[in-house]
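> Take this structure, written in structure tokens, and hold onto it; I'll ask about it next.
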Amino acid sequence: LVALFVLAFSLICLPQAWIYSTWLRQNIYAAAAAFVGLWVLQEWFRGWFLSGFPWLFLGYGVMETPLVDFAPFLGVFGVSLATCAFSVCFVLAMRQRRGVVLILPLAVIALSLAAGSVSLTRHQEDISVSLVQGNVDQHIKWRPNNRLPIIRRYLSASASEWGRDLIVWPEAAITVFRDDARIILDEIELKGAKLGTTLLTGIPHLDEKGSTQNTVLALGDGSGQYIKRRLVPFGEYVPLDGILRGLIHFFDLPMSRNTPGPWLQPPLMAGELLLSISICYEVVYPELVRQSTRDADLLVTVSNDTWFGSSIGPWQHIQMARMRALENGRFMVRATNNGITAVIDHRGNLKSSLPQFKAGVLRGDVEIRTGSTFFNQFGSLPSFVLCFMLILVSALQSQKLSRTHGDVKS
């Protein structure tokens, strides 16, 4: 199933290659413009096709460069657009040996530097946060005899953090269903309310139909429940269920039965602050985070990246979380089971983090900011309009050249 999934996404670039080679190759400059537009639209398509796999966009590769400063205006697709345009123009300049072609990449850099000097949101106040990293081994996490030891681990790590504004435990930190954890949840609720602390924790929940939901609860001096909306393919649900479930039965594989929450959910509260919550994989979707950040004061994401092991996966994941903070001009706090737990500022920079594969508590002060970015208001639509304009201009230019060549031959 994984092989089929990878194969499907490997073939996504073929329509782009066909359009480029068939229609838009007659003029090198028109082809370059079309290539840039098609590249970004291919990334967008990959973000929703078969539920989407928005990983490894070109824009994420320039996080440490001035090009990323386009993100608050045009989002990650705008950054991909600028990066692709810069790269293509640089290659053209080298191949054509025309210095004039270098004007565009230099202009792109100048624009990005100017964009980076503009602050679209304003600092309002600071709050204190504590992010708990339990470092629970995935192989033993869901064993029934480990339920109480895991809860005690998180309670012990949080014992000295009561009185701070916000404590965050990771995704599914509590490994029993919500209805079976009433006693401990009530104790946390009372203690947090008494000391003025909001505690967020991930916990599984059974809905009325008996399906599992991945949720985050706000306890203590906070309120609300968030249910994960975008589920991980195969890990939490089966894409193309009617076709693939027979294969799953045939190979005797465990079946995923999670159900998503409603698309529109009220934000969680921490005192009087509104929190935008993303669970694990959700933070890689720009529009999903944007939609839930409209009135939010702080971005919060919880995750369990234990599945990635010691690979580059957790670092790619936090890179995308950094982009969401930058796009929306908000601080983000990220609590994970075994890393990377971090505080991210509104510029997408890592302010502080915990080492991977070690239990610990990350303490810090985060800014609550007001105002909104251009991307937060209009999303990725302006980037797509630019892409279609590039393709349209290229197609018209190619058509004009074809007619000219036809007249010459005649």
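The values are calculated or read from the model by the stated rules, or taken from the named source; none is laboratory data. The shown structure was predicted, so the numbers you read here are calculated from the model rather than taken from an experiment. When the accessible area is computed, the model is the full protein with side chains, heavy atoms only, and any ligands, DNA or RNA have been set aside. Shrake-Rupley method; radii C 1.70, N 1.55, O 1.52, S 1.80 Å.
> Of the heavy-atom accessible surface of region 283-332 (probe 1.4 angstrom), what whole percent is carbon and sulfur? Provide the component values of the computation, followed by the final result.
Values: 790 of 1420 Å².
In region 283-332, the share of accessible area belonging to carbon and sulfur is 56 percent.
> Also, quick follow-up: Treating cross-link reach as a plain straight distance, find the lysines whose alpha-carbon is under 24 Å from the alpha-carbon of residue 141, omitting any fewer than eight places away in the same chain.
228, 358
> Heavy atoms only, probe 1.4 angstrom, no DNA, RNA or ligands counted: give me 209, 351 ranked by accessible area, highest first.
Working: 209 185, 351 115 Å².
Largest accessible area first, the residues go 209, 351.
> Shifting gears a bit: Suppose only helical runs count, i.e. DSSP H with n ≥ 4. What mean residue ellipticity at 222 nm does that imply for the chain under -39500 (n - 2.57) per run, divided by all residues and rounded to the nearest 500 deg cm²/dmol? Each step should come with its number before you reach the end.
Details: 12 runs with 172 residues, N = 410.
Theoretical 222 nm ellipticity from helices: -13500 deg cm²/dmol.
> Also, quick follow-up: Starting from the residue with the highest accessible area, list 206, 217 in decreasing order, probe 1.4 Å. Please list the in-between numbers first.
On the way: 206 70, 217 5 Å².
The most accessible residue leads, giving 206, 217.
> From the gyration tensor of the Cα coordinates in region 117-220, what semi-axes in whole Å does the equivalent ellipsoid have, largest first, with each one equal to sqrt(5λ)?
Details: eigenvalues 146, 57, 45 Å².
Rounded to whole Å, the semi-axes are 27, 17, 15.
> In addition: Considering only DSSP beta bridges with both partners in the chain, what is the antiparallel share in %, to the nearest 5?
Numbers: 34 of 53 bridges.
Looking only at bridges with both residues in the chain, the antiparallel portion is about 65 percent.
> How large is the direction-averaged shadow of the alpha-carbon convex hull of the chain, in nm²? Kindly include the intermediate steps, with their values, before the conclusion.
On the way: hull surface 93.0 nm².
Computed as one quarter of the Cα hull surface, the answer is 23.2 nm².
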